[in-house]
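Worksheet: the structure to be examined is printed underneath.
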Amino acid sequence: MPLPAKVLEFVELFDAGRYWDAHEALEDHWREDRVDFYKGMIQVAAAFVHVDKRNWLGARKVLLRALPYLEACPASHRGFDVAAVCDHGRRLLEAVERLEAGELEEFDESLRFRMRNHLA
């Protein structure tokens, strides 16, 4: 089954580093298809909005809300490799927690990932 247009737009915007726009695109789709999976994905994009602002507290809070939604999904769900997204989310959470605590001085840019690489 092909992915809905707004979901494809989310992937393109996310991969371009336009996290706020990706968040908005998927939120538009979520208004029509209110499943928790999309809430989690929207929040992953929102976490990167906070990362870009170096708001570690905000990123941590959003990730702590996002991960339970995603971890409740099957490993492959609605066209995504959710297990891989969760893995990236957990590594991102660990990094922002360490940044927030002052254990790291700068964000590891390798933690950014391409959503298209997680299409099932």
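We did not get these values from a lab; they are worked out from the coordinates using the rules stated. Owing to the predicted nature of the structure, the values given are computational and were not obtained by experimental measurement. Positions of Cβ are generated from backbone atoms using ideal geometry, with glycine treated the same way; all protein chains shown enter the neighbour counts.
Worth pointing out:
- Loop sites in the range 56-120: GluC sites (Glu not before Pro), DSSP, at most 10 other Cβ within 10 Å: Glu103, Glu105, Glu106
- Projecting the Cα atoms of Phe48, Gly79, Ala22 onto the charge dipole of the range 5-118 (Cβ charges, centred on the Cα centre) puts Gly79 farthest toward the positive pole.
- Descending principal axes extents, the range 38-94, alpha-carbon based, whole Å: 31, 19, 15
- Dipole in debye (nearest 20) - the chain, about Cα centre, beta carbon charges: Lys, Arg +1; Asp, Glu -1: 220
- Gyration tensor verdict on the range 1-50 (Cα atoms; rounded if a/c is under 1.5, prolate if a/b is larger than b/c, oblate otherwise): oblate
- Relative contact order of the range 5-118, pairs being alpha-carbon contacts under 8 Å that are 6 or more residues apart, as %: 23
- Phi angles across the range 45-53 convert, under the Karplus curve 6.51 cos²θ - 1.76 cosθ + 1.60 with θ = phi - 60°, into 3J(HN,Hα) values of 4, 4, 4, 5, 4, 5, 4, 4, 8 Hz, Gly and Pro given as x.
- The chain, helix-only ellipticity at 222 nm - DSSP H runs n ≥ 4, -39,500 (n - 2.57), divided by all residues, nearest 500: -20500 deg cm²/dmol
- Dimensions of the chain from C-alpha coordinates, computed as largest minus smallest value along each principal axis and given longest first, are 44, 26, 23 Å.
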